[in-house]
1. Once you put a point 7 Å from the Cα of S354 and another 7 Å from the Cα of S26, both along the Cβ direction, what distance in nm separates them?
2. Please work out how much accessible surface F170 shows to a 1.4 Å probe, ignoring ligands, DNA and RNA, in Å² rounded to 10.
3. Using the C-alpha gyration tensor of region 318-382, what are the square roots of 5 times its eigenvalues, in whole angstrom, with the largest one first?
4. Can you give the convex hull volume per residue for the Cα atoms of region 153-204, as a whole number of Å³?
5. Which residue, Q204, Q352, Q289, has the most motion in a Gaussian network model of the chain that connects Cα atoms within less than 10 Å?
6. How would T300, T150, T47 line up by accessible area, probe 1.4 Å, largest first?
7. Quick check: the angle from helix 32-41's long axis to the longest principal axis of the chain, C-alpha only, nearest 10 degrees?
8. Output the relative contact order of the chain, whole-number percent, from Cα pairs under 8 angstrom with separation of 6+ residues.
Amino acid sequence: MESSCLFKIVTLTHDLPSDWNALAASNIFLSKEYLAVLEQSKPINMTCFFISFYKNNKLIGIALAQFLDLNKLESFGERDKCVKTAVRNFIFKNFCSHVLFIGNNMLTGQNAFSFSDEMEIKKGIELLHEAEMEIKQILKKKGVKVHLTTYKDFDKTEIEHFPKKEFASFYQFSTQPNMVFTVSEKWLSFDEYIASLSKKYRDQYKRCRKKAEGIEKRKMNLDEIIAQEETIYALYHHVAKNATFNTFFLAKNHFSVMKSELQDKFLFYGYFEDEKLIGFNTLIKNGDQMDTYFLGYDETIQRERMLYLNMLYDMIAYSINKGFAAIIFARTALEIKSSVGAKPEEMVGYIQHSTGLINRKMEQLFCYLEPETEWKERNPFK
């Protein structure tokens, strides 16, 4: 590494360089505004580290790391009650509870770093690896030992830039895919998307919309989000708690802070029945793509009224009508997202355990750390 390259690690957005956002222009999830959201409303078991890279005192790279203490978690996920889940929980509690993520554990995709043209990606990742070691030292001085280190959510082309020497002791893994919905240039409106579906999936759309008759969808502003904060959190928490696996739970004020910081780039839609909030979804405008964010609903109503599927169609309608090129649907609920036209994109990462003996068994361990989901890909188009 050139001697003129160095990095600085801070935990407060106030300490970020003034030109930080120049390198976050292509990704809102590395912007000062979004990092301010994390600072004000991150999960209680998370510590964020913001890294800036310099060459001859000029900012040439930015990155995000997150440390999670899973011992502070109320639940790892309550949906699956089986021996494998019990084993996984035991492993996490005793050997893997301190996890350092290089990237953003709350999102899917490459939200770890951004480098200027003056920084070759491979060299940038080498420097990022040095920053990772420095973060471990910072935590060690506080009496915290990192068990697991993971670089997450890179596509196959990005992973090729990782230097072999630095990552020789890491296990390369593939996680559940990122579900990406590409908006066809042929669709100038949502109606044209519906027309492109095969009869089976047009019928699914009609049935879904009929089930939701009487439910009012409403875009909510900051004051409305704050007024409904308790209900919103209860709806979110219900969905999150019933996931197969959790490493965090959002803070109660997370959505109001998101709206306050990101303003019109953050969309919050409430679903109401007889003026009662029964569900919500959120979207984030990220350049020419739309990122789906967290949602919540009352499970009894969702099943009866096909609320989740209606939300997916609403997200697609908004994105097509507003001219977005793609929707990042992320992972989870892979099959239902596939049924509306999202396609899987493989995500690759690196993981390492601090104990050599455990690290050598990482391949066997990984099936407990990342539960596999069986699903069938659908093609809804003619």
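The values are calculated or read from the model by the stated rules, or taken from the named source; none is laboratory data. Everything quoted here is computed from the prediction, not taken from an experiment. Cβ sites come from the backbone with ideal geometry, for glycine too, and all protein chains shown count toward neighbours. Side chains included, ligands, DNA and RNA excluded: accessible areas come from the protein's heavy atoms. Shrake-Rupley method; radii C 1.70, N 1.55, O 1.52, S 1.80 Å.
1. 3.4 nm
2. Estimated to the nearest 10 Å², F170 gives 20 Å².
3. After scaling each eigenvalue by five and taking roots: 35, 15, 8 Å.
4. Roughly 118 Å³ of hull volume per residue.
5. The residue with the greatest mean-square fluctuation here is Q204.
6. T300, T47, T150
7. Tilt relative to the chain: about 80 degrees.
8. It comes to 22 percent, rounded to a whole number.
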